[in-house]
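Take a look at the structure set out below.
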Amino acid sequence: MAVFVAVLAAPWEALAQANGGSQGERTLVELERRKVELRTAEAERERALNMFAAGLISKGELDRYDANVELARLNFREALVDLLALHPRISVREAVKFRSSDGKKRVRLTLQNVSREIEGRELDAMMDATTRAAVEQTLGDRTIRDVFVSLRGPSGAAESGAGRETIIALPYEQHLPALSVGRPQTLEFELLRDVSSLAVVLDYKGSQHVIEVELQQELPGGGVSLSSTQASQEAELGSSATFRLLLERASVEEHTYWLKAVNLPAGFEWLFQDPRSQARLTRVQMPAGVSRQELELKVFLPATPGADVATDTPLLFWALAGDETADSQIGNGGSVSQDVLERSRAAVLRLELTPRGTGRIEVEASTLLVELSAGEAVQVPLTITNTGSRRLDNLRIKVDAPTAWQVLPAPPHVPAVDVGQKVAVSMHVQAPEDAAVGDYEIRLRPESFAYGRQVLTEDKVLRVEVRRRGMGIGGIAALLALAGLLGALVVAAIRTSQR
């Protein structure tokens with residue numbers, strides 16, 4: 001009996017280790033105990049047959065020994081099924097992140113059923129042919145059915161505000177009706193958040209299993225890629241646009257990559273920089289173990305459009321990253337053909353920049369200093385010019401004047417002012433009847449719109465001097481004449497008194 005137990009335990013020790021844990025060991029011990037009970041019942045039945053043949057026991061007593069054998073055989077089968085059904089295991093064979101043709105980040109996940117199957121010779125060592133046939137019929141092919149798969153944030157995601165329980169891929173959950181041993185199955189998910197590692201959550205047989213994996217990178221060409229969530233932008237002429245980029249690579253060895261931008265029109269300047277230190281970069285060195293690097297590409301637009309640039313029309317250009325294996329025909333930022341780009345081993349990212357023209361208001365006046373008396377009115381001529389690169393719409397002049405003053409522009413508004421066009425506007429300024437003598441300020445604030453955006457300029461200050469009523473050049477001359485007459489009379493009176 002002891003010899004049999006040793007033979008029985010040998011093939012199951014590996015299975016218990018594969019399933020792991022004390023539960024597997026307890027189930028193995030239970031199987032061994034049931035096998036001993038079965039062998040004992042069979043031995044007792046053999047003795048009972050001999051006793052029945054010698055007429056020492058009755059047929060009823062022999063039937064009880066037969067029943068004991070059948071019960072022991074049933075218990076053994078049940079223990080065997082419990083052990084083989086213990087902890088079926090699914091492993092992640094492959095988890096690859098790649099970019100699909102529509103530009104979305106996706107994950108290709110391959111799952112494999114690695115549950116241990118029992119070979120025929122192992123079953124032969126443990127049971128007779130009849131028991132083996134019954135067990136094989138019960139066990140089937142070790143297929144795991146109804147497996148539900150989802151992708152969630154890695155364990156460190158909670159530090160960045162996204163918990164482990166957050167599903168980060170579409171569809172939120174996929175269902176595998178059956179996963180057989182030796183037949184891997186592949187699923188694809190669309191990432192909702194760009195990550196380098198994630199947790200694969202498997203639900204089957206009433207329990208949940210979590211496997212954290214570092215994603216492999218499937219990269220074209222030289223094993224490096226560029227991506228951006230801001231691949232299409234617009235900027236005003238004379239300003240700049242900043243594209244946030246992510247450089248990823250499949251290798252984890254130390255490597256250096258050059259950075260370039262090509263196919264931008266003349267007058268456009270560009271530079272790569274570190275988003276944290278703002279240091280200018282022409283190359284980026286990635287140390288061992290680092291697979292991702294954030295970058296910024298800054299494009300400076302000219303103040304005026306050139307012959308090959310039209311406002312409101314997207315410009316297509318390319319950001320490149322490569323190493324010494326990349327095509328040497330890629331120059332230093334000039335024009336590169338599509339064919340050369342496709343054949344190069346550089347990472348190529350298509351970017352789009354739409355230049356927007358800007359409207360600028362310039363106000364000119366022959367004078368911004370006027371004189372008048374209380375109740376009088378004057379006309380102040382202004383010339384307004386659009387010195388920008390886009391048409392101005394709905395030009396108006398807002399006025400900030402002292403209380404009771406009447407200041408009106410004529411015309412009150414101009415529907416449109418084309419680039420370089422001059423518009424004459426007259427400001428009607430009238431002081432109130434009770435205006436006190438002194439200096440006053442009137443602020444003129446021209447404003448307009450260009451491409452739906454408000455265009456402002458500096459206020460113009462119109463200074464107004466209110467003089468006494470009737471005091472003009474004629475009044476001053478009359479006063480001088482009166483003073484002269486009075487002086488002459490004084491002189492004549494003095495001479496008369498001296499005589």
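The values are calculated or read from the model by the stated rules, or taken from the named source; none is laboratory data. Since we're looking at a predicted model, the values are computed, not measured. Here the Cβ is made from the backbone with ideal geometry for all residues, glycine too, and neighbour counts use every protein chain on show.
What residue, of 294, 324, is assigned to a strand (DSSP E or B) and of a type in the set (Asp, Glu)? Full working, then the answer.
On the way: 324 fails: assigned to a strand (DSSP E or B).
Exactly one residue qualifies, and that residue is 294.
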Among the listed residues 349, 271, identify the single one that is crowded, with 19+ Cβ neighbours inside 10 Å and not in a loop (DSSP other than H, G, I, E, B).
349
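Which residues, counting only those in segment 39-63, are farther than 28 Å from residue 29 by Cβ and surrounded by fewer than 13 Cβ atoms within 10 Å (Cβ to Cβ)? Break it down into steps so the answer makes sense when it comes.
Quick first cut of segment 39-63, residues farther than 28 Å from residue 29 by Cβ only: 48-63.
Hits for segment 39-63 are 50, 53, 54, 55, 56, 58, 59, 60, 61, 63.
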Please go through segment 72-92 and give me each residue that is at pLDDT 85 or above and in contact with a strand residue (DSSP E or B) (Cβ under 6 Å, 6 or more places away or on another chain), ordered by number.
90, 91, 92
Given the structure, is residue 357 surrounded by fewer than 16 Cβ atoms within 10 Å (Cβ to Cβ) and closer than 30 Å to residue 264 by Cβ?
no
Name the strands (runs of 3 or more DSSP E) wholly inside segment 181-245 in which the number of residues that are at pLDDT 90 or above and in the same structural domain as residue 310 (by TED's automatic domain parsing) is 1 or more.
232-236
Name the single residue, out of those in segment 334-367 being touching a residue at least 40 places away in the same chain (Cβ under 8 Å) and β-branched (Val, Ile, Thr), that is farthest from residue 385 (Cα to Cα).
348
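In segment 421-449, what residues are under 18 Å from residue 366 (Cα atoms) and not β-branched (Val, Ile, Thr)? Walk me through it before giving the result.
Taking segment 421-449 as the starting set, the residues that turn out to be under 18 Å from residue 366 (Cα atoms) are 422-429, 441-446.
422, 424, 426, 427, 428, 441, 443, 444, 445, 446 - these are the residues of segment 421-449 that are under 18 Å from residue 366 (Cα atoms) and not β-branched (Val, Ile, Thr).
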Just checking, how many residues over segment 228-258 are closer than 30 Å to residue 358 by Cα and not hydroxyl-bearing (Ser, Thr, Tyr)?
12
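Can residue 97 be described as outside any helix (DSSP H, G or I), at pLDDT below 90 and outside the structural domain of residue 248 (by TED's automatic domain parsing)?
Here the answer is yes, as residue 97 does meet what is asked.
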Options 295, 245: the member that is in contact with a Pro (Cβ under 8 Å, 6 or more places away or on another chain) and hydrophobic (A, V, I, L, M, F, W, C):
295
Name the single residue, out of those in segment 208-263 being of a type in the set (Lys, Arg) and either farther than 25 Å from residue 310 by Cα or exposed (fewer than 15 other Cβ atoms within 10 Å of the Cβ) (or both), that is farthest from the chain's Cα centre (by Cα).
249
